[in-house]
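Working notes, structure below.
The values are calculated or read from the model by the stated rules, or taken from the named source; none is laboratory data. Note that the structure is a prediction, hence the values are computed from the model and not measured. Cβ placement follows ideal geometry from the backbone for every residue including glycine, while neighbour counts extend to all protein chains displayed. Accessible surface areas use protein heavy atoms only, side chains included; no ligands, DNA or RNA. Shrake-Rupley method; radii C 1.70, N 1.55, O 1.52, S 1.80 Å.
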Amino acid sequence: MSEFAARICQNLAEIRARIADAAVRSGRSADQVQLVAVTKYVGEAEIRALVAAGCRHLGESRPQHLWEKAEAFRDLPVGWHMIGHLQRNKARRTLPLVELLQSADSQAIIEVADRLASELSRRLPVLLEVNISGDASKHGFPPDSLEAVLEPLSRLEHIEVRGLMGMASLEGGLDRARRDFAALRELRERLRRNCPDRISLDDLSMGMSGDFEVAIEEGATIVRVGSALFDGIDA
Ligand SMILES: *Cc1c(COP(=O)(O)O)cnc(C)c1O
């Protein structure tokens, strides 16, 4: 094994151990938290090393990069997660490649996704991205707007809403991140009281390299980790 492949293996083992510990602290087991490895910083060799080390869920934040990588790694047993803003004119090419659209950030894009999924005769799993930090530069549904969209979304036959996705504020450190993650979980609990049957809000995708343990303690079921996996590697 090359030196960098060994390093990726070791980074992955450490991150999995930290995920497991945080899961236990939140009263759950390691297998109740899914790791999505964000590959936007790296190329082919690093991705192959990650998959060889056991990563099965990979995430990209830019549609074009997801197209290129999904195409290049068609031979690998992986599922791709779209985690960044998806423009409507890129949906047709992106969605057939995607296992989970984590960044469903407007009713309009979800309606487009429903039509495309219908053409593909599939049901597309999505998470509703919420702008929890209120940062104007971020995408996502404003928290207060979600209650009103659940009912119309539940009528889309080719969309399967599975939960919420969010990012903590860039500033404010871990304390602020914890408050943001708790706010997303509490929003989920509030929405659940009045949630149409066809919609599940079981998944909470929150937490990145700098804050995934805090996110798991606050209830994350999916964490999206990029840079920490490639620590010590010049990609
Ligand atoms: C890049 C990115 C991540 C991973 O970030 P790291 O801090 O490198 O772990 C997670 N989520 C989204 C939406 C991203 O764009």
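Just a few scattered comments:
- Cross-chain or 6+ apart pairs with Cβ under 7 Å, the range 197-213 first and free of Cβ contacts under 8 Å to residues at least 12 places away in the same chain, then near the ligand (Cβ under 8 Å from one of its atoms): none
- Members of the range 20-40 found to be outside any loop (DSSP other than H, G, I, E, B) and open to solvent by 10 Å² or more (accessible area, probe 1.4 Å), listed by number: Ala20, Asp21, Val24, Arg25, Ala30, Asp31, Gln32, Gln34, Leu35
- Residues satisfying the stated conditions in the range 196-220, i.e. more than 16 Å from the ligand (Cβ to nearest atom), under 22 Å from Ser145 (Cβ atoms) and either open to solvent by 30 Å² or more (accessible area, probe 1.4 Å) or of a type in the set (Lys, Arg) (or both): Asp197, Arg198, Ser200, Asp202
- Of all the numbered requirements in (1) surrounded by fewer than 18 Cβ atoms within 10 Å (Cβ to Cβ); (2) at pLDDT 95 or above; (3) over 22 Å from Ala220 (Cα atoms), Glu186 misses one, and that requirement is (3).
- Candidates Glu44, Glu99, filtered to the one that is within 18 Å of the chain's Cα centre (by Cα), more than 21 Å from Ile216 (Cα to Cα) and open to solvent by 40 Å² or more (accessible area, probe 1.4 Å): Glu99
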